[in-house]
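Read through the structure below, which is laid out as structure tokens, and then see the notes.
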């Protein structure tokens, strides 16, 4: 491997390889609650939850969202799924010389609306400009800090009534035998909306991005209790996220393919394009690992929110397998592998 | 104004205008200790000090530094000059498809070395790739979180023995009549090293970038006490930083031009190129506002460090003026204005 390819930024195995071999080995190790090497949604240091995301989405505006809403929600969700509440955002904007100021303003309006909606302020920022031709229009990197949710202790205590829970956070390595896997809604909407709009496939009239801030929905779930892991399946989609749980928790996960919510037009688009909706990215969904005794209660609270109305139990952890196995709609079994990379480039 | 220009990212008046008219008005206001609207080095929210910086430096490697050392030090310094200690860094890397992996590794090696040197870990990150031609090689956005320095209360108490100090942090609005202004070293090295190397002017054999993490030097000063403001004069250099203090603190500042340390080759290069070294960016320097009674003590501790060996008292706050006035080397007075933008593009 000598040069960077698009796949190195697509969230799957290739990116993992880039990080593991060409970035992480050069960085000194320090003792941190949830460190870089855990590859989790956020880091935790001195009980501060901290994350960052570069947004290179193309095009800047698309059905259901834009770079502004994406830059707010993507980062808020990474904080939230640790079991934390986002406190503040930092926004670094890099602009191409010659970009219309109106384009910047339109994106900033969206940042403002979603910041208001989520109740999380942008508190600091940075602005740089690169020469015309040195950058495709605009990128925004958003970082966020969060603090432990006031409901997380309760959530973990509830889970602990049924089986021992050692982690203080909702990390990827908390899944145990029998835990139930819930998807908070339909999978693949964001990637398909973006791809279809960009390439003019025509599905964009029916499919919109699911971009949404999940911080309040996460709080609702924590108040019920029993959740042990949460993750937002962005690049590489459900398949990537669930494989991270399986490998980091060291347990097999069986997924019932028919139970995974996929919107009809997304399914149709994926069939036509030869894509697996489970490998396509989302921006307003999460998967939740929950002790089996609390699964129905968690599902109930998800169904009460517009953001969780299509939530479904999609599988469970089982030591029968040591990887992720899909029980297909025709009754067979196949391994659901982590994608090499998200099949749709520059979705976020 | 209809389109983005290079000046909008150059840290001076033009950037301020872009922020004030086209970004900030769209963002909702929340109550925060040190908010976005204060345009300070970092924000403070729930006693977490938080900052972000996009690094678009060109070229990626230059005399005295590279994008990796810059990405670590620039952000650490923004946290430190608030009177805080940086706890952790987040690193968002955006790469151009086709970039040699060796270039990335060389930058990451530098990130690792400076992270180790400063004692601040990279705890989380993100990696994206844009198509060949959509980005000039690589940009890195670094964010950092910090906590109140354990010496900041002592520092402010010492200052408070001589005159009332109301702020809890070393913000830009703390300068009062009689406060002494110290520059921690020579001004303009970074911008001139970069410009000369990029354009092949030949000064790069003598001038190296001053990139350095200032967190330990800041602690040394706070232990002495009496500092009320600190700032790292990056884009727009000393002239920009000192004008921010004057306007936000609402007091004039008189600067003795002959006292401001400028290295001989930087002075020569600036004369040849028609640049003012006071408007050129630095990456390992700070200016310090200190109560007059403690100025000599602060200077003494600066001189003990290699990073502060050229530190000098360069001026004082005075209500005789309502802006920044330079007492020139020939004995006249002129207003030192904030530059429209740093004269050297893409220095950081």
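Miscellaneous remarks
- The mean count of C-beta atoms from other chains within 10 Å of the C-beta of residues in A:97-103, rounded to a whole number, is 5.
- Averaged over the residues of A:63-72, the number of partner chain Cβ atoms lying within 10 Å of the residue Cβ comes to 0.
- Region B:240-324: radius of gyration and largest Cα-Cα distance (Dmax), Å: 13.9, 40
- Sites residue B:256 and residue B:216, calculated FRET efficiency, Cβ-Cβ separation with R0 30 Å, nearest 0.05: 0.60
- Inter-copy label distances at residue B:116, using a point 7 Å along Cα-to-Cβ, come to 5.0 nm with the shortest given first.
- Model label sites at residue B:327 and residue A:105, defined 7 Å from Cα along the beta-carbon direction, differ in position by 4.7 nm.
- Ordered by the count of other Cβ atoms within 10 Å of each Cβ, fewest first, B:303, A:22, B:190 give B:303, A:22, B:190.
- Ranking of B:344, A:301 by count of other Cβ atoms within 10 Å, fewest first: A:301, B:344
- Per residue of peptide A:20-31, the mean number of Cβ atoms on other chains within 10 Å of the residue Cβ is 6.
- GNM flexibility winner over chain B from B:216, B:150, B:163 (Cα, springs under 10 Å): B:163
- With the simple spin-label model, which puts each label point 7 Å out from Cα in the Cβ direction, the residue B:320 to residue B:177 separation comes to 1.4 nm.
- Shape of region B:5-94, Cα gyration tensor, a/c cut at 1.5: oblate
- Global form of region A:118-269, assessed from the alpha-carbon gyration tensor, a/c cut-off 1.5: oblate
- Cβ crowding within 10 Å, taken as a proxy for footprinting-reagent exposure, orders A:230, A:6 from fewest neighbours to most as A:6, A:230.
- Compared with the direct C-alpha span, the chain from residue B:167 to residue B:268 gains 32.3 nm at full extension, assuming 0.36 nm per residue.
- Shown for residue A:98: label points 7 Å from Cα along the beta-carbon vector, and their distances to the equivalent points in the other copies, 1.7 nm in ascending order.
- Region B:189-348: C-alpha gyration tensor shape, a/c 1.5 cut-off, then a/b vs b/c: oblate
- Other copies of residue B:306: label-to-label distances in nm, shortest first, labels 7 Å along the beta-carbon direction: 6.0
- Cα centroid of region B:222-250 to Cα centroid of region A:19-45, whole Å: 34
- Highest average packing first - B:87-94, B:199-206, Cβ atoms within 10 Å: B:87-94, B:199-206
- Between region A:65-134 and region A:277-348, the alpha-carbon centres lie 28 Å apart.
- Separation in nanometres of the label points that stand 7 Å from Cα toward Cβ, at residue B:301 and residue B:39: 3.0
- Nearest-ten-degree value, helix A:189-199 long axis tilted from longest Cα axis of chain A: 30
- Relative contact order, percent, chain B [alpha-carbon distance under 8 Å, six or more residues apart]: 24
Throughout, read-outs are computed from the coordinates displayed, never taken from laboratory work. Fair warning: this is a prediction, and the values are worked out from it, not measured in the lab. Because the Cβ atoms are built from the backbone with ideal geometry, glycine has one as well, and the counts that use them run over all protein chains shown.
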